[in-house]
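As structure tokens, the structure follows; a few thoughts come after it.
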Amino acid sequence: MVFLAIETSDPQGSLALFDAGGVREEEFFSEDMAHAREFAARIDGLLRRSDLTPRELRGISVSAGPGSYTGCRVGITAAKTLAIALRIPVVTVSSLEVMAASAMEFAQVELADDEYPLDAFVPVLDGRRGFFYGALFRRGGGGRPIREAEDQVASLAELADVLEGPAWVLGAGADEFLRGLEASGDGRGYRRGLAEWDQPHAATLARLSLEPLAESSFDREAAHSLSPAYLRPSEPEIVLARKLAGEDR
């Protein structure tokens, strides 16, 4: 059985074909936010190189967010459309979990020390207006991430109180998060992860979703109900709400 993984929560994004033997191929979109424009061509190329047709796909996994509002919407919409058209199961995975799992896979052993072992990872994204998305994961058996704190959007102080260190911080919001902690005089144990840890990978999503997909069956209602995990309104929605409330005049 061959499955498709869709990771578009990141500005670049990637796709992967995988089966019980592992990831067959991973392909990245060509530039920032090219997901919608290149989606059909990229999937077609992946399938052709494996001598497959869309009808031979047996399931889809998609990174649901939080992350890029546009990217998450593109990924979820594509996953729903394909799942319903092909009558195959679709499962979602938190983009923060994919980020943490990717970091665990790429983390170099020589980075670890007694104070910062490679067993705690905090993926952070900038939620704007003083808010951050974040979660805490620890390395479990087989290198799989074990969730210690749920995905959430909160202020710097609120998020830091939930995401206990020592831990490695990664993601597009990592630098801003750490600068804020330093400015506030917070000395808790966080260390910046390598820049290459910041991008979630479809290949990692594939490994996380293989077992759930293998155990799933097509559910039209579940596919229809899929939606991105934004966790908070988009910036245009916030601005509109403020205007309607008479706050912006």
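What follows draws every value from the coordinates through simple rules; no lab data is involved. Since we're looking at a predicted model, the values are computed, not measured. Note that each Cβ is placed from the backbone with ideal geometry, even for glycine, and that neighbours are counted across all protein chains shown.
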(request) Place +1 on the Cβ of every Lys and Arg and -1 on the Cβ of every Asp and Glu in the chain, take the dipole about the Cα centre, and give the residue among Pro89, His35, Gly13 whose Cα lies farthest towards its positive end. (result) Pro89
(message) From Cα pairs below 8 angstrom and at least 6 apart in sequence, can you work out the relative contact order of the chain, rounded to a whole percent?
(response) 23 percent
(message) Which residue fluctuates most in the GNM of the chain (Cα springs below 10 Å): Ser227, Ser50, Ser68?
(response) Ser50
(request) Take the alpha carbon atoms of the stretch 96-197, find their radius of gyration, then divide it by 2.2 N^0.38 Å using N residues; give the quotient. (result) 0.97
(request) Please get the size of the charge dipole for the stretch 42-169, origin at its Cα centre, with Cβ charges of +1 on Lys and Arg and -1 on Asp and Glu, quoted in debye to the nearest 20. (result) 1140 debye
(message) If you fit an axis through the alpha-carbon atoms of helix 235-244 and take the longest principal axis of the Cα set of the chain, what angle between them do you get, 0 to 90°, nearest 10?
(response) 70 degrees
(request) Return one number: the angle in degrees, 0 to 90 and rounded to the nearest 10, between the long axis of the Cα atoms of helix 35-49 and the longest principal axis of the Cα atoms of the chain. (result) 50 degrees
(request) Report, in degrees rounded to the nearest 10, the 0 to 90 angle that the Cα long axis of helix 174-183 makes with the longest principal axis of the chain. (result) 10 degrees
(message) Tell me which of Leu57, Ser68, Ala157 sits at the most positive position along the dipole axis of the chain, charges placed on C-beta atoms (Lys, Arg +1; Asp, Glu -1).
(response) Leu57
(request) Determine the dipole magnitude for the chain: charges of +1 sit on the beta-carbon of Lys and Arg, -1 on that of Asp and Glu, nothing else is charged, the reference point is the Cα centre, and the result goes in debye to the nearest 20. (result) 940 debye
(request) Please work out the Kirkwood hydrodynamic radius for the chain, using every pair of different C-alpha atoms, and report it in angstroms with one decimal place. (result) 18.8 Å
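Using a simple charge model, +1 on the beta-carbon of Lys and Arg, -1 on the beta-carbon of Asp and Glu, nothing else, what dipole does the stretch 96-197 show about its Cα centre, in debye to the nearest 20?
Numbers: 10 positive and 19 negative charges, 43 e Å.
It works out to roughly 200 debye.
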